[in-house]
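> First the structure, which I've put down as structure tokens, then a few questions once you've had a look.
The values are calculated or read from the model by the stated rules, or taken from the named source; none is laboratory data. Keep in mind it's a predicted model, so treat the numbers as computed, not measured. With ideal geometry, Cβ positions are generated from the backbone for all residues, glycine too; neighbour counts draw on all protein chains shown. Surface accessibility is based on the protein's heavy atoms, side chains included, excluding ligands, DNA and RNA. Shrake-Rupley method; radii C 1.70, N 1.55, O 1.52, S 1.80 Å.
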Amino acid sequence: MIDLYPLAGPLLFRFDPETAHGLTIKALKTGLVPPARGKDEPALHTRVWGLDFTNPVGLAAGFDKNAEVVDAMLNLGFGFVEPGSVTPRPQPGNPRPRLFRLVEQRAVINRMGFNNEGLEAFAQRLERRRAAAKRAPGIVGANLGKNKDTADAADDYVIGVRRLAPLADYLVVNVSSPNTPGLRALQGRDPLRALLERVLEARAACGLTRNPPLLLKIAPDLTVEDKSDIAAVALESGIDGLIVSNTTIARPDGIPAAMRSEAGGLSGRPLFEPSTSVLREIYALTGGKLPIVGVGGVATGEDAYAKIRAGASLVQLYSAMVYAGPAVVHRIRRELAELLRRDGFRSVAEAVGADLR
Ligand SMILES: Cc1cc2nc3c(=O)[nH]c(=O)nc-3n(C[C@H](O)[C@H](O)[C@H](O)COP(=O)(O)O)c2cc1C
């Protein structure tokens, strides 16, 4: 793969982060970024929820909020992509600035607030993609959010499930963004149970021959009780998996003073340890019965491997791409295959949860 990011990266860093992101999406849409999928080693192939992933490295939600660059991102080498979060109605999100780079820490703080074009535009893009003669191979999920001004959150997730269940390979109920007031309270035992019951009912009511797996995406900022409640409710509800984790509202040591006070969710390198530790706990609490997508601070093959050993069946990333460009995906795939080989694992699946055995 020819890596243009050493040239494009410094250029993008001259712009404020949100403008840089907008330019990146435009470049991807117009095909300015050359496809560079490459071949996946057989050891990276993995089957989760009956879906075939050519590699376990996915693009996390928030990069492609409006499902505009699904094929472009798959063509860069991701095994799966997760557009969204999408809300039923379009909404502008929070006032700018709302996205900050912490370059030395290889981190990002965002308080975007689910800015997006709404469910209809999102769904139509997925429909057009389905109808297209040529599309990139790979798994495409859809991450669902709620509008800021919707009183009963479950209503919004139900609307999302109804529209997208026939169009997405999997669905995510995101109750862990720190930037929508009240959202994370849905992670509590009773509200969570009620919410999952309604979204699962909505999925069943679609009458599809094959239901898309339904995953719950959780925050890293949870008490011991929260975690055990989430694990119990996830198991009893019948959802298919978990995504661990979203951004953190914590500000670990090493975050510069000027940034500590910016509200929002922190992602990237400082999130690696806390999110992996929550992943490990949730894997143990669910007895490995629910596949988990590990996300938070993945930037190398070693990071991806550590998440897998802690219990992740798949991994995702976003922030590492800001600093290393899309070549990071290739590097992770190559390094991960090497690490699996070194330790005698013939597949990703064999290594899932290896640290806890
Ligand atoms: C700018 C930005 C926007 C995000 N938007 C969403 C979102 O809409 N929905 C969601 O579930 N997660 C969102 N996330 C969280 C990421 O999907 C991911 O969980 C988190 O960034 C940790 O991964 P990372 O350290 O690799 O970035 C966003 C993250 C960033 C940096």
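> Please state which one of Asn179, Asn174 is within 15 Å of the ligand (Cβ to nearest atom), open to solvent by 20 Å² or more (accessible area, probe 1.4 Å) and at negative phi.
Asn179
> With Ser267, Ser237 as the choices, which residue is within 27 Å of Ala142 (Cβ to Cβ), polar (S, T, N, Q) and away from the ligand (no atom under 13 Å from the Cβ)?
Ser237
> For region 332-350, give me the residue count where each residue is charged (D, E, K, R), surrounded by fewer than 19 Cβ atoms within 10 Å (Cβ to Cβ) and assigned to a helix (DSSP H, G or I).
Result for region 332-350: 6.
> Let me ask something else about it. Please report, ordered by residue number, the helices (runs of 4 or more DSSP H) entirely within region 270-328 with at least 1 residues that are away from the ligand (no atom under 11 Å from the Cβ) and of a type outside the set (A, V, I, L, M, F, W, C).
Hits in region 270-328: 272-285, 301-309.
> For region 282-298, indicate whether the set of residues that are more than 19 Å from Tyr323 (Cα to Cα) and of a type in the set (S, T, N, Q) is non-empty. Before you say what the answer is, go through the steps one by one.
Of the residues in region 282-298, the ones more than 19 Å from Tyr323 (Cα to Cα) are 282-294.
Of the ones still in play, those that are also of a type in the set (S, T, N, Q) are 286.
Yes, region 282-298 contains a residue that is more than 19 Å from Tyr323 (Cα to Cα) and of a type in the set (S, T, N, Q).
> I've got another one for you. Quick check on my filter: what residues within region 120-136 are open to solvent by 10 Å² or more (accessible area, probe 1.4 Å) and assigned to a helix (DSSP H, G or I)?
Those that are open to solvent by 10 Å² or more (accessible area, probe 1.4 Å) and assigned to a helix (DSSP H, G or I): Glu120, Ala121, Gln124, Arg125, Glu127, Arg128, Arg129, Arg130, Ala131.
> Based on this model, can you work out whether Arg280 counts as basic (Lys, Arg) and either crowded, with 23+ Cβ neighbours inside 10 Å or without any contact (Cβ under 8 Å) to a residue 40 or more places away in the chain (or both)?
So Arg280 fails the test.
> Same structure again: Any chance you could count how many residues in region 283-318 are of a type outside the set (A, V, I, L, M), within 16 Å of Glu82 (Cα to Cα) and open to solvent by less than 10 Å² (accessible area, probe 1.4 Å)?
The total comes to 3.
> Here is a follow-up. More than 14 Å from the ligand (Cβ to nearest atom), in a strand (DSSP E or B) and either at pLDDT 95 or above or open to solvent by 10 Å² or more (accessible area, probe 1.4 Å) (or both): does that describe Val140?
Numbers: more than 14 Å from the ligand (Cβ to nearest atom): yes; in a strand (DSSP E or B): yes; either at pLDDT 95 or above or open to solvent by 10 Å² or more (accessible area, probe 1.4 Å) (or both): yes.
It is true that Val140 is more than 14 Å from the ligand (Cβ to nearest atom), in a strand (DSSP E or B) and either at pLDDT 95 or above or open to solvent by 10 Å² or more (accessible area, probe 1.4 Å) (or both).
> Return yes or no: is Ala205 within 16 Å of Ile239 (Cα to Cα) and touching a Lys or Arg at 6+ places or on another chain (Cβ under 8 Å)?
Yes, satisfied.
> Also, quick follow-up: Of everything in region 71-94 that's open to solvent by less than 10 Å² (accessible area, probe 1.4 Å) and among the hydrophobic types (A, V, I, L, M, F, W, C), which residue is nearest to Val172 (Cα to Cα)?
Checked region 71-94; the qualifying residue nearest to Val172 (Cα to Cα) is Val86.
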